[in-house]
1. From 105, 100, which residue is touching a residue at least 24 places away in the same chain (Cβ under 8 Å), over 20 Å from residue 180 (Cβ atoms) and either more than 16 Å from the ligand (Cβ to nearest atom) or basic (Lys, Arg) (or both)?
2. Return the only residue of 210, 165, 136 being open to solvent by less than 50 Å² (accessible area, probe 1.4 Å), assigned to a helix (DSSP H, G or I) and over 25 Å from residue 232 (Cα atoms).
3. For region 90-101, indicate whether the set of residues that are more than 28 Å from residue 253 (Cα to Cα) and part of a helix (DSSP H, G or I) is non-empty.
4. Do you know which of the residues in region 52-85 that are of a type in the set (S, T, N, Q) and touching a residue at least 12 places away in the same chain (Cβ under 8 Å) is nearest to the ligand (Cβ to nearest atom)?
5. Which condition number in (1) in a loop (DSSP other than H, G, I, E, B); (2) within 16 Å of the ligand (Cβ to nearest atom) is the one that residue 126 fails?
6. Evaluate the following for residue 266: is it within 16 Å of the ligand (Cβ to nearest atom), buried (at least 16 other Cβ atoms within 10 Å of the Cβ) and not in a strand (DSSP E or B)?
7. Out of region 269-282, which residues are farther than 16 Å from residue 53 by Cα and open to solvent by less than 70 Å² (accessible area, probe 1.4 Å)?
Amino acid sequence: MLRGLQAMAVGVLLGLMLPGGAVWAAGAKTPAPQKTPRQAPEMEPEVRTFILGNTLFTLYHEVGHALIHELQLPVLGREEDAVDNLASLLMVPEEDDPEMLEMVMAAAQGWLMSAAAGDDEEELAFWDEHGLDMQRFYSVVCMLYGSDPDRFSAFADDAELPDYRRDSCPQEFDQVSTSWATLLDPHLLEDGGRKSRVKVVYEPPAPAYRTLSAMLKQSRMVERLADDIRTSFVLPRELTLRVAACDEANAYYDPEDSSVTLCYELLEEYETLIRADLEAAE
Ligand SMILES: [Zn+2]
């Protein structure tokens, strides 16, 4: 389902993306016996895919911040752009991974919807440390297109990615993947090396978030990400991946205690966005 961080870093260093998705996909194909939440949440597939696709992008983005700070990686340019690029890179689907393809498209669509929703209420936030939503949309599209122009040309057409930007996407993709792989390489866990400590914590959800929480747990996305980090990198201290209520729709890395928090409110915001979109399409 998802490509391992280490597979990405190693694959890129070798000048190719590894087929089969190594670490992560192997785990996905032979899932360990797992406790799934008792009442399987009823959620339409397109709603679920949208929420999970956007959540994965967000998690990779925040894990990117965590890697930069925990491993003291240098960053040239805006850190927000660097970690967005990492998220896009990690979500480039293998040929035989339609699920990841849907998820990365959902993540791109999420930026588009978020931009459209913001148009009505807010001025464009030029002061923000993040790129504007539309820029973040085109950045995901460009990374995807740049990874394989033939394969994603129809997607770039749909997204109306202009030719002049399209021309530079393969080079942008190469530059981003080589830069990340080079920075991560000294921190990769060697075979037989001691795994890093990564803890997953779900704070009990308020009743309103129970379905979302159960759906996320059932996907095992956070657990698999934790496993991927454990077996890919040598981290200097324990990292916590936490799903919690925060009183705002957000996700963040906290260097104080080396934790990444994904807020239930953000999952809810993704659900609201996709439901509004589906309703408008009816
Ligand atoms: Zn960020």
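The values are calculated or read from the model by the stated rules, or taken from the named source; none is laboratory data. Everything quoted here is computed from the prediction, not taken from an experiment. Heads up, the Cβs are rebuilt from the backbone with ideal geometry, glycines too, and the neighbour counts pull from every protein chain shown. Protein only, heavy atoms only, side chains kept; ligands, DNA and RNA dropped before computing areas. Shrake-Rupley method; radii C 1.70, N 1.55, O 1.52, S 1.80 Å.
1. On the way: 100 fails: over 20 Å from residue 180 (Cβ atoms).
From the options 105, 100, the qualifying one is 105.
2. Details: 210 fails: open to solvent by less than 50 Å² (accessible area, probe 1.4 Å); 165 fails: open to solvent by less than 50 Å² (accessible area, probe 1.4 Å).
Every option except 136 fails the conditions.
3. Yes - at least one qualifying residue is present in region 90-101.
4. First pass over region 52-85, keeping only residues of a type in the set (S, T, N, Q): 54-55, 58, 72, 85.
Add one more test, that the residue is touching a residue at least 12 places away in the same chain (Cβ under 8 Å), and what stays is 54-55, 58, 85.
Numbers: 54: 14, 55: 14, 58: 9, 85: 12 Å.
Looking at the filtered set, the residue picked out is 58.
5. Evaluating residue 126 over (1) in a loop (DSSP other than H, G, I, E, B); (2) within 16 Å of the ligand (Cβ to nearest atom) leaves (2) as the failure.
6. On the way: within 16 Å of the ligand (Cβ to nearest atom): yes; buried (at least 16 other Cβ atoms within 10 Å of the Cβ): yes; not in a strand (DSSP E or B): yes.
Spelling it out, residue 266 is indeed within 16 Å of the ligand (Cβ to nearest atom), buried (at least 16 other Cβ atoms within 10 Å of the Cβ) and not in a strand (DSSP E or B).
7. 276, 278
Listed here are the residues, each with its yes/no results for (1) assigned to a strand (DSSP E or B); (2) open to solvent by less than 30 Å² (accessible area, probe 1.4 Å); (3) under 21 Å from residue 107 (Cβ atoms); (4) in contact with a strand residue (DSSP E or B) (Cβ under 6 Å, 6 or more places away or on another chain).
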{"residue": "229", "(1), (2), (3), (4)": "no, yes, yes, yes"}
{"residue": "248", "(1), (2), (3), (4)": "no, no, yes, no"}
{"residue": "257", "(1), (2), (3), (4)": "no, no, no, no"}
{"residue": "260", "(1), (2), (3), (4)": "yes, yes, yes, yes"}
